[in-house]
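Here the structure is laid out as structure tokens; the discussion comes afterwards.
Just so it is clear, none of the values below were taken in a lab; they were calculated from the coordinates. The shown structure was predicted, so the numbers you read here are calculated from the model rather than taken from an experiment. When we count neighbours, we look across all protein chains shown, and the Cβ atoms used for this are built from the backbone with ideal geometry, even at glycine.
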Amino acid sequence: MPPKISLSRYLVEQQRMDGHIPAELRLLLEVVARASKSISQSVNKGALGDVMGGTESENVQGEVQKKLDIIANEVLIEANEWGGHLAAMASEEMEGIYVVPNRYPQGEFLLLFDPLDGSSNIDVNVSIGTIFSVLKKPEGAGVSEQDFLQPGCKQVAAGYCVYGPQTTLVLTVGDGVAMFTLDREQGSFVLTQENVKIPEDTKEFAINMSNMRHWDTPVKRYVDECLAGVEGPRGKDFNMRWVASMVADVHRILTRGGVFLYPWDKREPNKPGKLRLMYEANPMSWLVEQAGGAATNGRERILDIQPTKLHERVSVILGSKNEVERITHYHTKP
Ligand code: AHG
Ligand code: MN
Ligand code: MN
């Protein structure tokens, strides 16, 4: 049997052989992985720990925060603030940016995260996760929210950790996608898949069907054609899956293909979508592209969008390349 490759070894080799990542970024990713391990422990405790249920507080998006949203946010901040690799952090659960306190050295990277994705699934024991994105701080003294407003194509690392039947960390540093499974006995993440590839075609789509009456024409057309099955214009039967945790839906797509849609709809016409560009759509889009898939907002590549605010929302269509191209085509050339 070939030796097991730990996440630490994978990162050291990325640093040494391919020159993909500087030492500080390697440290940062190790720390994010350690924090994910700790969040995984809390998730696993469930009703045996004080981690289930909601709180009295709301986040900047007006969503009631679950206990685990807050626990995961704190774990990520405490783990990352002292290492000297970061200048600041931003999170779904914090309105403004979190600048590394003066008592610690300031590094050159910026970390963004959705500490706990799929909050509605915590109490029902369904897969949830942590999503993260790393940017380089632009040159210059100090750090401000403006420094975070870079398009997704500028990310230097992105990934997620899914807390499901297994805890799996999925990562890209721009050299393809690698998956690491948490070995609980050893306490370390072990490389279990490299060069992840999403099939270009698929027979599986993911969308919250209860919003159908609010959808825009191109989305309605696409789903209608899938539902028409073998007798319809697509000439094949489709399957539908919707976990309601983006991490779990994207993990399935990276594993066996598929397409995920959380499009703009008429419920709140002034909002571009539900999902957040900087810490949900951007990291997931880069992972999907690195695995040979595609990601658009229906009109343009998500990674090219210039953000104008930290908590900006975006319409998301990602996954198997030919399917995403088809849906994008339905939007741009109906
Ligand atoms: P979060 O829990 O971080 O707020 O994100 C939940 C997101 C995403 O994970 C998922 O795809 C979507 O919300 C589910 O939305 P619906 O409940 O509208 O299906
Ligand atoms: Mn989320
Ligand atoms: Mn969240």
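Things worth noting here:
- Principal axis analysis of the Cα atoms in the chain yields extents of 63, 51, 46 Å, listed in decreasing size.
- Nearest 10 degrees, 0 to 90: helix 67-80 Cα axis against the chain principal axis: 50 degrees
- Degrees separating the helix 321-332 axis from the principal Cα axis of the chain, which is the longest one: 70 degrees
- Each peptide in 14-20, 286-292 receives the mean, over its residues, of other Cβ atoms within 10 Å, and ordering these scores from highest gives 286-292, 14-20.
- Spherically averaged projected area in nm², based on the convex hull that wraps the Cα atoms of segment 204-332: 7.4 nm²
- From helices alone, the chain scores -8500 deg cm²/dmol at 222 nm; the rule is -39500 (n - 2.57) for each run of n ≥ 4 DSSP H residues, then divide by the residue total.
- Relative to the dominant Cα principal axis of the chain, helix 23-45 is inclined by about 70°.
- Across segment 45-121 the C-alpha pair distances fall into 5 Å bins from zero in the proportions 3, 15, 25, 21, 15, 11, 8, 2 percent.
- Using distinct alpha-carbon pairs, which all enter the 1/r mean, Kirkwood radius of segment 119-176 in Å: 13.7 Å
- When the chain is treated as a GNM with alpha-carbon contacts under 10 Å, the residue of Gly62, Gly164, Gly54 showing the greatest mean-square fluctuation is Gly62.
- The residues neighbouring Glu81, those whose beta-carbon lies less than 12 Å from its own, together hold a net charge of -1 under the Lys/Arg +1, Asp/Glu -1 convention.
- Pairwise Cα inverse-distance average, inverted: Kirkwood Rh of segment 7-193 (Å): 17.0 Å
- Normalised contact order of the chain, rounded percent, pairs of Cα under 8 Å and 6 or more residues apart: 15 percent
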